[in-house]
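One structure is given here, and the rest of the page talks about it.
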Amino acid sequence: MIIGGGASGLMASVSAAAEPDTYVTVIEKNDRPARKLMITGKGRCNVTNNSDVNGIIKNIPKNSKFLYSVFSRFNSYDTMSFFENCGVPLKTERGNRVFPVSDRAVDIVDALVNKAKSEGVKFIIGEAKTILYSNNKVFGVRLNDGTEISADSVIIATGGMSYPLTGSTGDGYNLAKECGHTVTLLRPSLVPLVCHENFCSSLSGLALKNVNASFYEEGKKKPVFEEQGELLFTHFGISGPLTLSASAHLRNIGEKKYYCLIDLKPALTNEQLDKRLLRDFSDELNKDFSNSLDKLLPKSLIPVIVKLSGIKADLKVNQITKEQRQVLVSLIKNFKLNITDTRPIEEAIITSGGISLKEIDPKTMQSKIVDGLYFAGEVIDVDAYTGGFNLQIAFSTGFVAGKESLKKGEDDK
């Protein structure tokens, strides 16, 4: 019995059902499985990362060692082979991110669901209310409507608390707690960030492409995250790929203070940028300063830069001093935002935290508390950066949980 028809649950069902003489049932509360998988990668589905085990592990900042065993049995290359054997051609893009050639997440979902059905997996639309167990041994599941279904083993693969409209509403944590498990502190990860600066709302909708963003913990010289890419302003602060990736590194916001420095022109050194400004200024020496940056910066950003520079908006560019230009150069190369919070967990891509790994066998994904109870995917206390790593965790833990749950059934018989 598998509770949850997302990435990990579907992989667990396929893994288990592939063995002879097995009966596998997936309980899914949505009328269609894998709704969250449908929206990953902006609807393209970044299915895994084309890297070896060590490459995957490096991108899992928390509890990565726990996953060595499952990755040794089912890694990213196995994931790619699985989907290509299911008739979904894949491609590798920047950062070793793997997508279906079609750029359609639905192809990944259909491949998983169709494979499960072809192996005889049964799907029940319903919601698990309680894990049935006695003497620390699983014997079934009770649904919300009172129906009781017997099972030799049960896999909790319900996801986290992010994107609740897709069905990830934290049900698995409650099911685990009722069985005596500990749930660690739940936090949003891969999530937009709230900034102190009021001007962010005036920049809402502005996408900065090919900028370099460095995120620092206050008082530290080395950035906790630094990368070049795209950043998006919102009414509350910042979002976009750079922000989401950075958020996984900003642990305990509130207890610790963080800020971001954006290099708006990373292709230019300070000296090159200063020469560029001189050229732009020399074209129209009698222009007001506020009207002189059109060739250099996005239109909506110019009033913000002008105000922060301290240079009067109506000052003629031929009157701007070398010192003022240096201030302007420094501002463009180090545009600062103070991070005050993350957006709510409901808006996060991934939930950080979950069922304590101290209570799960890393080789089998079985509970150390209740015999025949297994876990897979985001519900456990592991999360990774963007790039296909979180889905790989789901597929690997799901594969192993599915295989190992059969051994439990065989032992019982």
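Points worth noting:
- Lone unmet requirement of (1) touching a strand residue (DSSP E or B) at 6+ places or on another chain (Cβ under 9 Å); (2) of a type outside the set (S, T, Y); (3) surrounded by 15 or more Cβ atoms within 10 Å (Cβ to Cβ); (4) within 22 Å of F399 (Cα to Cα) for K122: (3)
- Condition met for L132 (modelled with pLDDT of 95 or more and either within 28 Å of the chain's Cα centre (by Cα) or not hydroxyl-bearing (S, T, Y) (or both)): yes
- Screening region 17-43 for residues that are without any contact (Cβ under 8 Å) to a residue 40 or more places away in the chain and either part of a loop (DSSP other than H, G, I, E, B) or among the small types (G, A, S) (or both) and picking the one that is nearest to I3 (Cα to Cα) gives R32.
- With respect to the conditions (1) crowded, with 18+ Cβ neighbours inside 10 Å; (2) under 25 Å from the mean Cα position of the chain (by Cα); (3) assigned by TED's automatic domain parsing to the domain that holds R44; (4) not hydroxyl-bearing (S, T, Y), L373 falls short on a single one, namely (2).
- Residue count for region 258-286, restricted to those that are surrounded by 14 or more Cβ atoms within 10 Å (Cβ to Cβ), modelled with pLDDT under 95 and either closer than 30 Å to K220 by Cα or in contact with a strand residue (DSSP E or B) (Cβ under 7 Å, 6 or more places away or on another chain) (or both): 0.
- Subset of region 206-226 (residues that are surrounded by fewer than 16 Cβ atoms within 10 Å (Cβ to Cβ) and either in a strand (DSSP E or B) or touching a residue at least 40 places away in the same chain (Cβ under 8 Å) (or both)): A207, K209, N210, E218
- The one condition in (1) touching a residue at least 40 places away in the same chain (Cβ under 8 Å); (2) within 24 Å of G402 (Cα to Cα); (3) out of contact with any Asp or Glu (no Cβ under 9 Å at 6 or more places or on another chain) that S76 fails to fulfil: (3)
- Checked against the criterion of being of a type in the set (A, V, I, L, M) and free of Cβ contacts under 8 Å to residues at least 60 places away in the same chain, the candidates V101, V141 yield just one match: V101.
- Of the residues in region 155-174, none is in contact (Cβ under 8 Å) with a residue 60 or more places away in the chain, among the aromatic types (F, W, Y) and surrounded by fewer than 19 Cβ atoms within 10 Å (Cβ to Cβ).
- A count restricted to region 54-106 and to residues that are in contact with a strand residue (DSSP E or B) (Cβ under 7 Å, 6 or more places away or on another chain), hydrophobic (A, V, I, L, M, F, W, C) and not in a helix (DSSP H, G or I) stands at 5.
The values are calculated or read from the model by the stated rules, or taken from the named source; none is laboratory data. Since we're looking at a predicted model, the values are computed, not measured. No Cβ is skipped: glycine too gets one built from the backbone with ideal geometry, and neighbour counts run over all protein chains shown.
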